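Since every read-out is calculated from the coordinates, none of them should be taken as a lab result. These figures come from a predicted structure and were not determined experimentally. When we count neighbours, we look across all protein chains shown, and the Cβ atoms used for this are built from the backbone with ideal geometry, even at glycine.
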Amino acid sequence: MSELTRREFLAGTAAAATIPTFAGALALPHAVRAAAHAGSRSTLRVGVIGCGGRGTGAAVQALRGDPGAVLVAMGDVFPERVESCHAAISKAMGDQAPERVRAPEERRFSGFDAYRKVLESGLDVVVLTSYPAFRPAHLRAAVDAGVHVFAEKPLAVDGPGVRSVLESARLAEEKKLGVVVGFCWRFNEGMSATFERVNAGALGRLLNVHTTYHTGTLGRRPREAGWSDLEFQMRNWWHFTWLSGDHVVEQAVHSIDRLMWAMGDEPPVRVNCLGGRAARAGPEHGNVFDHFAAVYEYADGRRTFHTCRQIDRCPSDNTDYLYGEKGWCVVNGWQPTYSIRAHDGREEWAYSGPIGDMYQNEHNALFRSIREGPPLNDCRRGAHSTLAAIMARMSAYTGQTVTWEKALNSQESLAPESLEWGERATPEVAVPGNTRLL
Ligand SMILES: NC(=O)c1ccc[n+]([C@@H]2O[C@H](COP(=O)([O-])OP(=O)(O)OC[C@H]3O[C@@H](n4cnc5c(N)ncnc54)[C@H](O)[C@@H]3O)[C@@H](O)[C@H]2O)c1
């Protein structure tokens with residue numbers, strides 16, 4: 001398995017001043033030409049990088065999102081993930097598989113450089129669904145290659161990564177490339193109808209927003225004989241901050257994105273976040289916390305709140321509580337209820353239209369925009385929601401107030417010195433008051 005060097009890994013997470021030096025190798029004239037003329041072509045060549053659960057689902061949704069979409073290349077660090085993903089996509093596509101799943105063995109790649117090989121396969125669209133740590137580098141390479149992108153959330157795990165993503169967003173705008181970020185709730189009909197009304201003033205000026213993501217723990221993979229430290233961490237990636245960003249960034253970012261949405265996507269000025277690790281122990285749990293409680297402050301003095309928890313045997317909740325001058329609304333992500341009420345409890349509006357599959361909707365929207373133009377690009381907004389989550393983690397880990405500017409300009413890179421399949425100590429669990437804010 002070849003290695004991704006630190007230079008390459010960091011290339012995608014570097015500030016605009018240090019543009020990746022391997023970009024030239026990825027400037028694919030075919031792909032650029034193809035993307036520019038997608039509207040007049042019948043076939044859109046799709047690749048997937050990160051062939052896990054979400055990559056499999058998203059690849060199928062991409063194929064269903066456009067009758068001309070054909071899967072031509074696949075890549076993952078682990079070869080068996082590529083094969084199981086290929087089998088699952090073929091099964092899901094049923095009798096369409098022979099025509100729509102055309103990624104033969106020679107275009108199924110593994111290793112840390114698999115993403116480059118996928119992008120060298122002459123793509124129009126790529127699905128980026130590896131671990132969050134790699135998203136900035138993969139996104140930048142895709143944009144350099146002139147390929148439209150579907151990128152899962154979160155878009156980065158640290159400030160340098162967000163800066164890279166913002167630069168990719170700018171380049172994608174310049175090249176008129178589509179970039180749709182997997183903040184899927186933005187593509188849920190009931191949710192977007194509700195938030196559009198909120199943004200248009202249906203609740204009056206918002207006075208309080210509290211979003212929650214309280215859930216149980218995620219799976220763990222006990223160490224197997226023959227696994228190096230790096231492989232062990234990669235296979236338990238949710239539990240290692242350098243790979244996932246911690247659960248406030250990896251999972252709860254959905255609810256922080258909805259907090260941002262409620263506030264008209266205005267960046268908060270600063271955050272104070274408490275957090276810790278009360279119920280996690282054992283090597284598979286790496287160094288992540290299991291709870292966070294963030295207080296965001298805005299330029300006009302308002303405060304919004306986000307709480308998240310991954311602890312078993314506690315009540316679950318995934319709800320947005322919005323209170324405004326004129327009324328309130330409680331939006332439950334898991335048991336869809338979309339309505340707006342006056343302060344006396346009267347229901348003033350409720351969504352009654354159809355609710356489709358938001359995961360499918362986001363691909364339909366991307367492909368439609370590629371065909372009809374202009375290509376949809378919500379990358380900048382996705383980077384901002386990602387940064388809002390990262391700044392909460394930075395505050396919780398250090399115990400300090402973290403401003404938006406501080407997080408955006410942070411020099412803290414979570415990338416390891418090297419990505420060799422060898423020894424790699426588990427990073428220490430952060431201790432507020434001791435862990436430094438960088
Ligand atoms: N929008 C949603 O509701 C939603 C749901 C699930 C997951 N996700 C996101 O999707 C992403 C993937 O999550 P998942 O559940 O599919 O995880 P997963 O572990 O099932 O799959 C990730 C795959 O990426 C591969 N990978 C890791 N690093 C790579 C690299 N450098 N190059 C190539 N492949 C690499 C892994 O080997 C793995 O097969 C995460 O960012 C997660 O937050 C979003």
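With the convex hull of the Cα atoms taken as the outline of the stretch 276-433, the averaged projected area works out to 15.2 nm². Length gained on full extension, Asp344 to Asp265, computed as 0.36 nm times the residue gap minus the Cα-Cα distance: 25.6 nm.
For the stretch 109-151, the list of trypsin sites (Lys or Arg not before Pro) that fall in a loop by DSSP and count at most 13 other C-beta atoms within 10 angstrom is empty. In a fully extended conformation the segment linking Arg220 and Asn208 would gain 0.7 nm over its present Cα-Cα distance, using 0.36 nm per residue. Summing charges over all other residues whose Cβ lies under 15 Å from the Cβ of Pro283, with Lys and Arg as +1 and Asp and Glu as -1, gives +1. Its relative contact order, with pairs defined as Cα atoms under 8 Å and 6+ residues apart, puts the chain at 20 percent.
Charges were assigned to the Cβ only: +1 to each Lys and Arg, -1 to each Asp and Glu. The resulting dipole of the chain about its Cα centre is roughly 340 debye. In plain terms, the chain from Ser418 to Lys176 could stretch by 83.7 nm, reckoned as 0.36 nm per residue minus the Cα-Cα distance. Look at the dipole of the stretch 291-387 built from charges on Cβ: of Gly373, Asn361, Tyr323, the Cα furthest out on the positive end belongs to Gly373.
Let me know the shape class of the stretch 125-178, please: from the alpha-carbon gyration tensor, a ≥ b ≥ c as square roots of the eigenvalues, rounded when a/c is under 1.5, otherwise prolate if a/b is greater than b/c, or oblate. Verdict is oblate for the stretch 125-178.
Quotient of the Cα radius of gyration of the stretch 192-296 and 2.2 N^0.38 Å, N being its number of residues: 1.37. For the chain, the pair-distance distribution built from all alpha carbon pairs, in bins 20 Å wide starting at 0, is 26, 58, 15, 0 percent. Each distinct pair of alpha carbons in the stretch 335-410 adds a 1/r term; the inverse of their mean, the Kirkwood radius, is 16.5 Å. In the calculated pair-distance distribution of the stretch 188-247, the portion above 14 angstrom amounts to 72 percent of the Cα-Cα pairs. Put the Cα centre of the stretch 333-357 next to the Cα centre of the stretch 381-402 and the gap is 30 Å. Highest mean first, the peptides 310-316, 407-413 sorted by other C-beta atoms within 10 Å per residue fall in the order 407-413, 310-316.
Across all C-alpha atoms in the stretch 111-152, the radius of gyration and Dmax reach 9.2, 25 Å. Converting phi to 3J(HN,Hα) with the Karplus coefficients 6.51, -1.76 and 1.60 and the offset θ = phi - 60°, the stretch 282-287 yields x, x, 5, 8, x, 10 Hz in sequence order, with x at every glycine or proline.
Fraction of C-alpha pairs exceeding 24 angstrom in the stretch 96-193: 28 percent, rounded to a whole number. Using a Förster radius of 45 Å, what is the FRET efficiency between Thr401 and Ser352 based on their Cβ-Cβ separation? Nearest 0.05, please. After rounding to 0.05, the efficiency reads 0.55.
Based on alpha-carbon atoms, the Kirkwood radius and the radius of gyration of the stretch 47-114 give Rg/Rh equal to 0.93. Between Arg302 and Arg102, the distance separating the two model label sites (each 7 Å from Cα on the Cα→Cβ line) works out to 5.1 nm.
From the cross-link list Lys326/Lys406; Lys153/Lys176; Lys117/Lys153, which pairs have alpha carbons spaced over 25 Å apart? From the list (Lys326/Lys406; Lys153/Lys176; Lys117/Lys153), the Cα-Cα distance tops 25 Å for Lys326/Lys406.
Ordered by the count of other Cβ atoms within 10 Å of each Cβ, fewest first, Val101, Val127, Val429 give Val429, Val101, Val127.
With both labels modelled 7 Å from their Cα along Cα-to-Cβ, the Cys314 to Arg436 distance reads 3.1 nm.
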